[in-house]
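Laboratory data are not the source of any read-out in this text; all were calculated from the coordinates shown. In this text, all values refer to a predicted model and were calculated from it rather than measured experimentally. Positions of Cβ are generated from backbone atoms using ideal geometry, with glycine treated the same way; all protein chains shown enter the neighbour counts.
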2 protein chains.
Amino acid sequence: MDIAFATGNNGKITEAKKILECFKVHIIQKDIKLIEPRSDSLEKIAIEKAKQACEILKNPVIVEDSGLFIKSLNDFPGTYSHIIYDKISDSGILKLMQDVKNRSAIFMAVVAFASPKIEPITFNGEQKGTISFESKGSGGFGFDPIFIPGYETQTWAENPQLKAISSHRKIALEKFAEWAKDNI
Amino acid sequence: MDIAFATGNNGKITEAKKILECFKVHIIQKDIKLIEPRSDSLEKIAIEKAKQACEILKNPVIVEDSGLFIKSLNDFPGTYSHIIYDKISDSGILKLMQDVKNRSAIFMAVVAFASPKIEPITFNGEQKGTISFESKGSGGFGFDPIFIPGYETQTWAENPQLKAISSHRKIALEKFAEWAKDNI
């Protein structure tokens, strides 16, 4: 099955292709311009963007939105993770987390599917973890060098295999793929 | 002259009333729900919101958008100042600025006016300054406790009189008022 993925982020495409190929879902990247609504809800953002993408492409499409929600920073950077990464990167987050004891964080992802016939449907994925004390590793992208999933000891950037099996995006994409095989 | 000001921020209303009353412009607060577009341009955001507000109110209206653009943080928090203030406040900015030598920053404001008959028009104001090394003062709102305008030595929160005569918002609102007396 071919499905359009509206994103300009090549890292997301690489990750999604690997995850979805064993479900026989073939991703076609569509780097189209979508208006990013401001919201604290990933779900609202993904639904709105899926509607826009479907209107432009006139075809079934998925979009994916994700973010790093750090508990002691009131869920910062949250739904603004991408923009904030571009401004202050992982070193900025580490500065904000200096002397902060509670380092709990959640990486969350929402995949939204829309087609000309079906109203947007969403699929969620999350991975709990902690913010490391220093930036480590060169794999992945974004905040991967400062995120340690679950009870592991390495960041996602240090251990991309770990990310490959446990990422928030993987969980959301697999839920979508399971649904897609019966419904598309 | 009566003019609607679409904002939920009471601090902005208080400031605008003081500034505009000597131009005989009477502000009426309208706390209506507007969709905040994501953009790095204050001007684009203000124009878009003025259009929305005018469509809802069916009357002449102004909106105002402002932000603190810190040079060494790639213009962070910029157009996201309000959201970021709610998450990490001025203490977060001070953490990000630890050991940063270049403390230059600009407070920028854009007032956009729209009416059912006139396409949105914008008026800009800016105030250059520096980020202080500690949070000082209790006047004003938002990032005022860490912003020292021009070559002064006190923050806007320490010296609200200084803000009253030199703020980015005042400059933009006065430009609007000057224009309004001949055009509305």
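So here's what we get for this one:
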{"read-out": "Relative pair counts by distance (%), Cα atoms of the protein assembly as shown, 10 Å bins", "value": "5, 22, 26, 23, 16, 7, 1"}
{"read-out": "Table column - 3J(HN,Hα) (Hz), the stretch A:124-137, Karplus curve with 6.51, -1.76, 1.60, x for Gly and Pro", "value": "9, x, 9, 9, 7, x, 9, 8, 5, 8, 9, 6, 9, x"}
{"read-out": "Paramagnetic reach from A:Trp179 (point 7 Å along Cα→Cβ, amide N under 15 Å) across the stretch A:26-58", "value": "A:42-51"}
{"read-out": "Above-threshold pairs, the threshold being 27 Å between Cα atoms, out of B:Lys30/B:Lys175; A:Lys12/A:Lys44; A:Lys44/B:Lys136", "value": "A:Lys44/B:Lys136"}
{"read-out": "Over the stretch A:66-140 - Rg/Rh using Cα atoms and the Kirkwood inverse-distance radius", "value": "1.08"}
{"read-out": "Stretch gain in nm, segment B:Ser138-B:Asn74, where the contour uses 0.36 nm per residue and the Cα spacing is subtracted", "value": "20.3 nm"}
{"read-out": "At q = 0.10, 0.11, 0.14, 0.15 Å⁻¹, base-10 log of I(q)/I(0) for chain A (Debye sum, equal scatterers on each alpha carbon)", "value": "-0.38, -0.46, -0.74, -0.84"}
{"read-out": "In sequence order, calculated HN-Hα J values of the stretch B:113-119 (Karplus, 6.51, -1.76, 1.60; Hz; x Gly/Pro)", "value": "10, 9, 9, x, 9, 10, 5"}
{"read-out": "C-alpha center-to-center spacing [the stretch B:116-184, the stretch A:138-167] in angstrom", "value": "43"}
{"read-out": "Estimated vicinal HN-Hα couplings, Hz - the stretch A:4-20 in sequence order (Karplus 6.51, -1.76, 1.60; Gly, Pro = x)", "value": "6, 10, 7, 6, x, 8, 5, x, 5, 5, 4, 4, 5, 4, 4, 5, 8"}
{"read-out": "Those GluC sites (Glu not before Pro) in the stretch A:98-178 that DSSP places in a loop and that have at most 13 other beta carbons within 10 Å", "value": "A:Glu134"}
{"read-out": "Pair A:Lys101, B:Ile32: separation of 7 Å Cα→Cβ label points (nm)", "value": "4.9"}
